[in-house]
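What follows is calculated from the coordinates using simple rules that are stated; it is not laboratory data. Predicted model, so just to flag it, every value in this text is computed and none were measured. Positions of Cβ are backbone-derived with ideal geometry, glycine not excepted, and every protein chain shown enters the neighbour counts.
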Amino acid sequence: MRERVVIKTPEEIDLMRTSGQLLADVFERLDDVIKPGMTTMEVNDWVEHYIVNELDARPASKGQYDYQFVLNTSLNDVVCHGVPNQLQRLKPSDIVNVDITLEKNGFIADSSKMYLMSEAPSVARRLSYITYKAMWQGIKRVRPGATLGDIGSAIQSVANANGYSVVREYCGHGIGRKMHEAPQVLHYGEPNTGLTLQEGMTFTIEPMINQGNAKVKTKKDGWTVVTRDKKLSAQWEHTILVTNDGYEVLTLREEEKNLAL
């Protein structure tokens, strides 16, 4: 039986808005912390301390599916679910996606951001930029009466037009009291297909775009997903609310305020 999509009440939306704003704050603070020479475990530990001690919130990923850490750090050819490691130091040429979840007052927000180290090559910077652009093109299709296929098609069009491929094994998802709710939000598809969006839906849009082909594999740790051709991958993610006339990005950061207009 298909899982039912949870339509949030105005009160629940206010709580999700709070979680989203707190998570945006985590990224804004992390901007000044993350740098070459740090280990990915140091990034994990800093984020955990900030969420728990400064924001009085809970890192929702820790303990989910028996995962031991509060975030994913996915470097270079890692598509998603990279595991923090005390031996893995960020190099000046690296790109890394940091994917964080946060729960406050029973509701979860989920977002990720690409961090480009100081000497990241131009090909990596372009991939990150196009992935970010693709995410926003998907977000801007969100409104009541639109479909999930409209979102996926918009993302796929941007990626393909720039010579990149869209990972198909992983997708966005509904979110609220649970980290993963219905519906699944694919990052490819055809316009006017799939579930019709309604006011009060909340879900993530989180495209994973590969520099080469779309094929991926999971490493022996059972978590880390990498590109099969060892080329670069990038991902960005926001938690989205369907409003009465469009969308609201619940995890919007200050630096992005002009993009959401």
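Results, tabulated for the structure shown:
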quantity	calculated
Whole-Hz ³J(HN,Hα) from phi, Karplus 6.51 cos²θ - 1.76 cosθ + 1.60, for the stretch 61-66, glycine and proline x	6, 5, x, 6, 6, 6
Compactness relative to 2.2 N^0.38 Å, alpha carbon Rg of the stretch 162-261	1.21
Alpha carbon centroid spacing (whole Å) that separates the stretch 208-261 from the stretch 22-59	19
Residues with amide H under 5 Å from that of L250, placed H, sequence gap 5 or more	T239, I240, L241
Phi-based couplings in Hz for the stretch 80-85 (Karplus 6.51, -1.76, 1.60; Gly and Pro marked x)	6, 6, x, 9, x, 8
Rg(Cα)/(2.2 N^0.38 Å) for the stretch 6-90, N = residue count	1.22
Longest DSSP-loop-exposure-free segment, GluC sites (Glu not before Pro), the chain, at most 14 other Cβ within 10 Å	4-118
Contact order relative to length of the stretch 133-234, as percent, for alpha carbon pairs under 8 angstrom and 6 or more apart	30
Global geometry of the stretch 1-156, whether rounded, prolate or oblate, following the gyration tensor of its Cα atoms and the 1.5 cut on a/c	oblate
Distant-in-sequence amide H partners of V79 (H built 1.01 Å from N, under 5 Å)	V225, V226, T227
At least 27 Å along the helix axis (C-alpha) and Kyte average at least -1.0, DSSP helices within the chain	10-30
Taking D31, D77 and counting other C-beta atoms within 10 Å, the order from fewest to most	D31, D77
Rounded, prolate or oblate (a/c below 1.5 giving rounded, otherwise prolate when a/b exceeds b/c) for the chain by Cα gyration tensor	oblate
Residue order, fewest to most surrounding Cβ atoms within 10 angstrom, among R253, R4, R126	R4, R126, R253
